[in-house]
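What follows is one structure encoded as structure tokens, with my remarks underneath.
What follows is calculated from the coordinates using simple rules that are stated; it is not laboratory data. None of the values given here were measured: they were computed from a predicted structure. Note that each Cβ is placed from the backbone with ideal geometry, even for glycine, and that neighbours are counted across all protein chains shown.
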Amino acid sequence: MRVVIAEDSVLLREGLTRLLNDRGHEVVAGVGDGEALITAVRRLADAGAAPDVVVADVRMPPTHTDEGVRAAVQLRQRYPDLGVLVLSQYVEEQYATELIAGSSRGIGYLLKDRVADVGEFVEAVSRVAAGGTALDPEVVAQLLGRSRKQHVLAGLTPREGEVLGLMAEGRTNSAIARQLLVSHGAVEKHVSNIFMKLGLAQSDTDHRRVLAVLTYLNS
């Protein structure tokens with residue numbers, strides 16, 4: 001995959017570049033601020049060499065507040081097929097919600113201090129580049145902590161709410177089954193019930209799993 005890295009820490013940026021290059025991926029640009037990120041992606045796209053995914057820090061120059069995630073949101077609005085994985089030391093709720101709810105594919109939000117396995121991180125980048133999701137459980141918990149009580153989800157059982165929360169983290173049915181220590185069939189039944197209760201009918205154009213997660217995030 002072709003990757004653009006936006007990180008103002010030179011050591012971390014070079015480390016991520018080396019990490020991804022060593023695993024056969026191509027880091028096509030490395031920048032240190034939000035404006036440079038937007039410029040780099042635009043130039044690559046205009047040249048017919050658009051990246052598959054952007055890995056961006058939340059806090060970047062000049063104010064070190066939310067420049068990185070704001071740039072990520074702008075890029076997703078302009079390039080809907082661009083995967084965006086945000087790395088942060090904290091959850092920026094406003095922009096995180098906008099980033100996640102504003103797209104049905106290719107998004108991720110991981111907390112730096114909780115990335116404990118290099119292989120899992122690279123797999124998360126690959127998953128986002130391929131159109132999947134990668135959300136840290138703490139991000140999901142913070143964004144959705146109050147939403148579980150909202151009317152749209154009131155019909156879910158506690159177990160169904162738990163399954164939907166794990167779906168929001170990007171887990172597959174098999175991974176959910178292992179996490180909850182239940183059978184794969186039980187998870188499939190819970191997922192089917194979630195779709196039914198959220199009014200998500202079978203469709204050739206809409207991905208019900210993604211729509212369920214977006215309903216969860218927007219509720």
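Pull up all non-local amide H partners of residue 56: gap of 5 or more, or a different chain, and H-to-H distance under 5 Å with H placed in the peptide plane.
Hits under the 5 Å cutoff: 6, 85, 86, 87.
Roughly what would the spin-label model give for residue 90 and residue 142, points 7 Å off Cα along C-beta, in nm?
Roughly 0.8 nm, to one decimal.
Return the FRET efficiency for the residue pair residue 157, residue 14: r is the Cβ-Cβ distance, R0 is 35 Å, and the value is rounded to the nearest 0.05.
Efficiency for this residue pair is about 0.15.
Would you pull out the residues with amide H under 5 Å of residue 131's amide H, same chain only if 5 or more places away, H placed 1.01 Å from N?
106
Compute the distance in nm between two label points, each set 7 Å from the Cα along the Cα-to-Cβ direction, one at residue 193 and one at residue 64.
Computed distance between label sites residue 193 and residue 64 equals 4.9 nm.
If we restrict to alpha carbons, what Rg and Dmax does the chain come to, in Å?
Looking at the chain, its Cα Rg and Dmax stand at 17.6, 51 Å.
In the Gaussian network model of the chain, springs joining C-alpha atoms below 10 Å, which of 189, 197, 112 carries the largest mean-square fluctuation?
In this elastic network of the chain, the residue with the biggest mean-square fluctuation among 189, 197, 112 is 189.
Taking amide H atoms as placed 1.01 Å from N in the peptide plane, list the residues 5 or more away in sequence, or in a different chain, whose amide H sits under 5 Å from that of residue 170.
135
On full extension of the chain, what length is gained from residue 39 through residue 115, given 0.36 nm per residue of separation minus the C-alpha to C-alpha distance?
Length gained, residue 39 through residue 115: 24.6 nm.
Give me Rg over Rh for the stretch 1-98, both radii from the alpha carbons and Rh done the Kirkwood way, two decimal places.
Using Cα coordinates only, the ratio equals 0.94.
When Lys and Arg each count +1 and Asp and Glu each count -1, what net charge do the other residues less than 9 Å away from residue 114, Cβ to Cβ, add up to?
Charge balance near residue 114 sits at -2.
Suppose every K and R has +1 on its Cβ and every D and E has -1 on its Cβ; what is the size of the dipole of the chain about the Cα centre, in Debye to the nearest 20?
The dipole magnitude comes to about 680 debye.
Net charge near residue 90, counting Lys/Arg +1 and Asp/Glu -1 over other residues with Cβ under 13 Å of its Cβ?
Counting the neighbours of residue 90, the net charge comes to -4.
Find out how many positive minus negative residues lie around residue 61, taking Lys and Arg as positive, Asp and Glu as negative, among other residues whose Cβ is under 14 Å from that of residue 61.
-4
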